[in-house]
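Chemist: To start, I am sharing the structure in question, which I have written as structure tokens.
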There are 2 protein chains.
Amino acid sequence: VDHPPADLIVREQEPLNLEMPFSSLDGFITPNESFYVRCHFPIPEISTSDWRLRIEGEVEAPFEVNYEEIRAMESRTISATLECAGNNRIFLEPKAKGVQWELGAVGNASWIGAPLAALLERAKPKSGAVEVILDGADEGQVDKTPTPSGKISFCRSLPLSKARKDVLLAYEMNGEKLSASHGFPLRAIVPGWYAMASVKWLRRIIVTNKPFNGFYQSLDYAYWDRSGVLPTLVPLAELQTKAEIARPKNGEIVAADAVYRVYGAAWSGTGEITRVEVSFDSGQSWHEAKLLGESVKNAWRLWEYEWRTPAAGRCTISARATDSRGFAQPADRSSDRGTYMINHLLPVEIEVR
Amino acid sequence: VDHPPADLIVREQEPLNLEMPFSSLDGFITPNESFYVRCHFPIPEISTSDWRLRIEGEVEAPFEVNYEEIRAMESRTISATLECAGNNRIFLEPKAKGVQWELGAVGNASWIGAPLAALLERAKPKSGAVEVILDGADEGQVDKTPTPSGKISFCRSLPLSKARKDVLLAYEMNGEKLSASHGFPLRAIVPGWYAMASVKWLRRIIVTNKPFNGFYQSLDYAYWDRSGVLPTLVPLAELQTKAEIARPKNGEIVAADAVYRVYGAAWSGTGEITRVEVSFDSGQSWHEAKLLGESVKNAWRLWEYEWRTPAAGRCTISARATDSRGFAQPADRSSDRGTYMINHLLPVEIEVR
């Protein structure tokens, strides 16, 4: 079977939301032209001659840098898997509002940029600093109640400790200059977190002395945390452990009594994927898949399973992942997660013929 | 004109939501049978023999008390005006969801109870304690997204400093034992704050070492604070400065060329009402009203204006209040406040005949 380079599926034109057909998965790196695109507002048109990044707020030494200055800083290259927090939403029952992502609002790229830690070190956060807000240039009106008056920008905060640890301010994606749809001239890459944290079209880094509770981490992109005495609404953060099956895809017809290479990817938050299992009998028995390549921090792990197909008939294939912390995928789903963090098992129905 | 004791207006039967017809305002104290009732869930049936209040969380010495023990503590008596954060919602344009309160989701009573500070002192909050959650026994399902799974209780947090300052745990209202609809056996009174903070049917006091973000202070009863660099969602708290006209009421017919006593109440958060003005020409000219009685901390101030009525015709009457901090009423309304904190000017249309 041939798997030609994917065209992206248009989920929305305005704002632009494009999905990779996940069955076209073809390697560790997702090519830029196949990488999903998630926008909340029209894509800002930014010229590098006007653009500045300002570091401000609770810092001793606020400053701004231009595009050349960011590129002249000591750079770092990291692999990171980005997954939209609403990936797999189309499978929710009952049907949920929001972009109807199937399996392909996820991708893995190599990013080059400047560590956020270096900029923070220069700005010198004051002793009471607790968070860092990443503010994007994309803006528009939103419609939940209470409705912020006027336009708001897409922005998101991180604990200062995370901002200092491994957040990258990226200007290159897979060896190419960032494209407009991926955040040109500069975007954040927040390793191990759902991609709403990796703010695009960055224009400001604001250090704060109290937790920020912006629209995109309260009325949107938040969930009910039940680890305390009473449920509390917290911003979505770490990626949940998940395996997705790229091939066979739903509805595929597979040859009977043959060998078929079941193939997919698995990822987790700060954990490392240690096991992927596959089931061909609706989860009654499980078979260990082979993890491919080496484990790369914050990137997905590809996997395969050489399946000796049965005689003709219908077949339900499931995959499940476990990570180094023992985090596995749940069988069921809680409304505490709203329409996000969807990592319960998603079986693929195929026909063996 | 006679103003007989009011019957309450039924806004909702289940849960029970009752409003005072504000034109029946008749004195500093709102009688218990005229006091508005705001419920989110069915009223819990609580027997004092089973009931306990537990003080727990980030404290050195958690404990529980029963009804007799609370009543045996040194008591305090305070006046406090309670106003529902959605009072006046019926006047919003466009029409807003929620209970359609007119002018009467407000009342002023004398409360007897034990200071929360005394219970906290006994429990000894740990050094990192920052907030106190008041948890009620009323519970049910809510329907915003993300939807908390299962039932949730009505609960609300306060900064530890406010909890220690002047919060009362009340068991008597205007000299009578609290009624079931007002929170029997014990409710909080949080002076100067919108009444959603004055949690009824108290069962737990939970001290926390980080800010709580429960349903009733995030997805509900919150607003956009724009005092910082970017809008942040914060829990509703302090009462906004407001004057309401009790008489004449909307549509009333008033005798021409006579003296009419315009009458109402005004209140604020921690400020003191220093001025109420009345206009009879849609806000072109203003006349200072007379403040009645003495100023009582955290309670409303009644006011009157002896109006020499004009010749026959239509007339628009407005009132506006100013407090000791200079806080006045806005002419317009911002969507940042959602369907709460409604204190823009609300003119009364009458006919002089």
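The values are calculated or read from the model by the stated rules, or taken from the named source; none is laboratory data. Fair warning: this is a prediction, and the values are worked out from it, not measured in the lab. Neighbour counts are summed over all protein chains in view; Cβ atoms, including those assigned to glycine, are modelled from backbone coordinates with ideal geometry. Just the protein is used for accessible areas: all its heavy atoms, side chains included, with ligands, DNA and RNA removed. Shrake-Rupley method; radii C 1.70, N 1.55, O 1.52, S 1.80 Å.
Chemist: Considering only residues of region A:169-187 that are out of contact with any helix residue (DSSP H, G or I) (no Cβ under 7 Å at 6 or more places or on another chain) and in a strand (DSSP E or B), which is surrounded by the fewest Cβ atoms within 10 Å (Cβ to Cβ)?
Modeler: Looking at residues that are out of contact with any helix residue (DSSP H, G or I) (no Cβ under 7 Å at 6 or more places or on another chain) and in a strand (DSSP E or B), I get A:Lys177.
Chemist: Take B:Phe154 and decide whether it is open to solvent by less than 30 Å² (accessible area, probe 1.4 Å), within 10 Å of another protein chain (Cβ to nearest Cβ) and either at pLDDT 95 or above or under 25 Å from B:Ala265 (Cα atoms) (or both).
Modeler: Numbers: open to solvent by less than 30 Å² (accessible area, probe 1.4 Å): yes; within 10 Å of another protein chain (Cβ to nearest Cβ): no; either at pLDDT 95 or above or under 25 Å from B:Ala265 (Cα atoms) (or both): yes.
So B:Phe154 fails the test.
Chemist: Can you work out which of the residues in region B:226-237 that are more than 9 Å from every other protein chain (Cβ to nearest Cβ) and open to solvent by 10 Å² or more (accessible area, probe 1.4 Å) is farthest from B:Thr81 (Cα to Cα)? Working first, answer last.
Modeler: So in region B:226-237, the residues more than 9 Å from every other protein chain (Cβ to nearest Cβ) come out as B:227, B:235-237.
Pick out the ones that are also open to solvent by 10 Å² or more (accessible area, probe 1.4 Å) and you get B:227, B:235, B:237.
Numbers: B:Ser227: 27, B:Pro235: 19, B:Ala237: 14 Å.
Within region B:226-237, the match that is farthest from B:Thr81 (Cα to Cα) is B:Ser227.
Chemist: With respect to B:Asp138, determine if the residue is surrounded by fewer than 16 Cβ atoms within 10 Å (Cβ to Cβ), of a type outside the set (Lys, Arg) and within 29 Å of A:Arg333 (Cβ to Cβ).
Modeler: Details: surrounded by fewer than 16 Cβ atoms within 10 Å (Cβ to Cβ): no; of a type outside the set (Lys, Arg): yes; within 29 Å of A:Arg333 (Cβ to Cβ): yes.
Judged against the criteria, B:Asp138 is not a match.
Chemist: Filter region B:327-353 for residues that are open to solvent by less than 60 Å² (accessible area, probe 1.4 Å) and of a type in the set (Gly, Ala, Ser); which is farthest from the other protein chains (Cβ to nearest Cβ)?
Modeler: Across region B:327-353, the extreme among qualifying residues is B:Ala328.
Chemist: Taking the condition of being touching a helix residue (DSSP H, G or I) at 6+ places or on another chain (Cβ under 8 Å) and either open to solvent by 20 Å² or more (accessible area, probe 1.4 Å) or on the phi > 0 side of the Ramachandran plot (or both), how many residues in region B:207-224 meet it? Steps first, please.
Modeler: So the first thing to find is which residues in region B:207-224 are touching a helix residue (DSSP H, G or I) at 6+ places or on another chain (Cβ under 8 Å), and the list is B:207, B:216, B:221, B:223-224.
Still in the running and either open to solvent by 20 Å² or more (accessible area, probe 1.4 Å) or on the phi > 0 side of the Ramachandran plot (or both): B:221, B:223.
Residues flagged as touching a helix residue (DSSP H, G or I) at 6+ places or on another chain (Cβ under 8 Å) and either open to solvent by 20 Å² or more (accessible area, probe 1.4 Å) or on the phi > 0 side of the Ramachandran plot (or both) within region B:207-224 amount to 2.
Chemist: Kindly indicate whether B:Arg71 is open to solvent by 30 Å² or more (accessible area, probe 1.4 Å), in contact (Cβ under 8 Å) with a residue 60 or more places away in the chain, over 28 Å from B:Ala118 (Cβ atoms) and of a type in the set (D, E, K, R).
Modeler: Values: open to solvent by 30 Å² or more (accessible area, probe 1.4 Å): yes; in contact (Cβ under 8 Å) with a residue 60 or more places away in the chain: yes; over 28 Å from B:Ala118 (Cβ atoms): no; of a type in the set (D, E, K, R): yes.
Judged against the criteria, B:Arg71 is not a match.
Chemist: If a residue must be more than 10 Å from chain A (Cβ to nearest Cβ) and open to solvent by less than 10 Å² (accessible area, probe 1.4 Å), how many such residues does region B:197-206 contain?
Modeler: First, pick out the residues of region B:197-206 that are more than 10 Å from chain A (Cβ to nearest Cβ): B:197-203, B:205.
Filter once more, keeping what is open to solvent by less than 10 Å² (accessible area, probe 1.4 Å): B:197-199, B:201-202, B:205.
The number of residues fulfilling the criteria is 6.
Chemist: Could you list, in sequence order, all residues of region A:43-68 that are charged (D, E, K, R) and open to solvent by 50 Å² or more (accessible area, probe 1.4 Å)? Spell out the reasoning first.
Modeler: As a first pass, look at region A:43-68 and keep what is charged (D, E, K, R): A:45, A:50, A:52, A:54, A:56, A:58, A:60, A:64, A:68.
Listed by number, the residues that qualify are A:Glu45, A:Asp50, A:Arg52, A:Arg54, A:Glu58, A:Glu60, A:Glu64, A:Glu68.
Chemist: If you check every pair at least six apart or on different chains, which have Cβ atoms under 7 Å apart with a residue in region B:79-97 that is free of Cβ contacts under 8 Å to residues at least 60 places away in the same chain first and a residue that is aromatic (Phe, Trp, Tyr) second?
Modeler: Sorted first by the residue in region B:79-97, then by its partner, the pairs are B:Ile90/B:Trp101.
Chemist: Just one of A:Trp111, A:Trp101 is closer than 22 Å to A:Arg203 by Cβ, of a type in the set (A, V, I, L, M, F, W, C) and crowded, with 22+ Cβ neighbours inside 10 Å; which is it?
Modeler: Numbers: A:Trp101 fails: closer than 22 Å to A:Arg203 by Cβ.
Of the residues listed, the single one that is closer than 22 Å to A:Arg203 by Cβ, of a type in the set (A, V, I, L, M, F, W, C) and crowded, with 22+ Cβ neighbours inside 10 Å is A:Trp111.
A quick yes/no check of all residues on (1) free of Cβ contacts under 8 Å to residues at least 12 places away in the same chain; (2) of a type in the set (D, E, K, R):
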residue	(1), (2)
A:Arg247	no, yes
A:Asp257	no, yes
A:Arg261	no, yes
A:Glu272	no, yes
A:Val278	no, no
A:Gln284	yes, no
A:Val296	no, no
A:Leu302	no, no
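Chemist: Right, another one. Can you find, within region B:238-271, the residue that is nearest to the other protein chains (Cβ to nearest Cβ) among those that are surrounded by 21 or more Cβ atoms within 10 Å (Cβ to Cβ) and in a loop (DSSP other than H, G, I, E, B)?
Modeler: B:Gln240
Chemist: For region B:80-87, check the following and say yes or no: at least one residue is open to solvent by 50 Å² or more (accessible area, probe 1.4 Å) and more than 14 Å from chain A (Cβ to nearest Cβ). Spell out how you get there, then give the answer.
Modeler: Of region B:80-87, the ones open to solvent by 50 Å² or more (accessible area, probe 1.4 Å) are none.
Within region B:80-87, not a single residue is open to solvent by 50 Å² or more (accessible area, probe 1.4 Å) and more than 14 Å from chain A (Cβ to nearest Cβ).
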